[in-house]
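The values are calculated or read from the model by the stated rules, or taken from the named source; none is laboratory data. All values reported here derive from a predicted model rather than from experimental measurement. Note that each Cβ is placed from the backbone with ideal geometry, even for glycine, and that neighbours are counted across all protein chains shown. What goes into the accessible areas is simple: the full protein's heavy atoms, side chains included, and nothing from ligands, DNA or RNA. Shrake-Rupley method; radii C 1.70, N 1.55, O 1.52, S 1.80 Å.
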Amino acid sequence: HLWDTGILGRPAEYFNFNRPLLTLSARFGTESMEEYWDVLLQKRTTANGVFGFKAHYDQFQFLFMTGLDRKLNGLKIVRLVRDDLIAEAVSFSRAIQTQAWTSSDALGDTAPVYDTNHLNWCLAKLIEQKNGWHKFFQQYQHPYLTVRYDALCADPDAVTERVIEFLQVPAAPVQIARLPQMARQSDALSAEWIARYLADPNRIKVAETKADQ
């Protein structure tokens, strides 16, 4: 939705070092992070001068590790949170196993398998990421807007309007460059795993964590 507005940059996981960063760097022919950043700004900034990107906390940390954080002038953050951490962990586990990270990705040859240890790892990783963001917002004074996952799924157009209002970006002619439409990936299997995990005596108890929700 943010991409489709034509005024919010072309937000994607440009700093996901597992796949997109390497793929785009090779496509752009860049040999350093500085050069990669410069080409990204050139190719993925909308006509009104807005550049945006999507990042999980570890990807955001990568910007600091490479020194690109000094280029984040005027940074504003749209923070997407999901209150149901167990449902999020189930989605995370399935995505890792199938390598289908969105509903538009083709499923791999491996069928996802319920695994308590893997779900515990996924849940712990999500909690670590949420706590990392919490500390970041305490340390830095960048303005941010919190968007709830359920609200986004229920009415993406209304959330997009909130984001535009928060960012206060200048208007520009809409540049049509649509991404594949995405949908919620939760289904009967996810519901089954959630119920099974909630009854699992070896699971992490979410109530005992310090995740910032």
### Task
Please list, in chain and number order, the residues 5+ apart from Leu80 or on another chain whose amide H is under 5 Å from its amide H, with Hs placed from the backbone.
Val147
### Summary
Descending accessible area (1.4 Å probe), largest on the left, turns Tyr144, Tyr149, Tyr36 into Tyr144, Tyr149, Tyr36
### Query
Sorting Ile194, Ile127 by accessible area (1.4 Å probe), largest first, what list results?
Ile194, Ile127
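Using the beta-carbon distance between Asn48 and Glu128 and R0 = 25 Å, what value does 1/(1 + (r/R0)^6) give for FRET efficiency, to the nearest 0.05?
My answer for the efficiency is 0.10.
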#### Entry: Length gained when the stretch Asp69-Ala111 is fully extended (0.36 nm per residue, less Cα-Cα span)
11.3 nm
### Query
Counting only protein heavy atoms, what percent of the accessible surface of the stretch 1-158 is carbon or sulfur at a 1.4 Å probe?
51
### Message
In the stretch 118-140, whose amide N lies under 15 Å from the spot 7 Å out along Cα-to-Cβ of Ile96? List them in ranges.
### Response
118-130
### Message
Using the basic label-point model (7 angstrom from Cα toward the beta carbon), what is the Cys153 to Asp200 distance in nanometres?
### Response
1.9
### Query
Remind me, relative contact order of the stretch 1-55 in percent, using alpha carbon pairs under 8 angstrom and six or more residues apart?
51
### Query
Which value, in Å² and to the nearest 10, is the accessible area of Thr45 when all protein chains are kept and the probe is 1.4 Å?
40
### Message
Binning at 10 angstrom from zero up to the longest distance, how are the C-alpha pair distances of the stretch 42-128 distributed in percent?
### Response
14, 34, 30, 19, 3
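Can you flag which of Lys43/Lys135; Lys54/Lys205; Lys125/Lys205; Lys71/Lys125 are past 25 Å Cα-Cα? It would help to have the intermediate numbers written out before the result.
Values: Lys43/Lys135 32 Å; Lys54/Lys205 29 Å; Lys125/Lys205 14 Å; Lys71/Lys125 28 Å.
Going by Cα-Cα distance, Lys43/Lys135; Lys54/Lys205; Lys71/Lys125 fall outside the 25 Å limit.
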### Query
At q = 0.13, 0.16, 0.19 Å⁻¹, what is the log10 ratio I(q)/I(0) for the stretch 1-98, with the Debye formula run over Cα points and no solvent?
-0.53, -0.79, -1.06
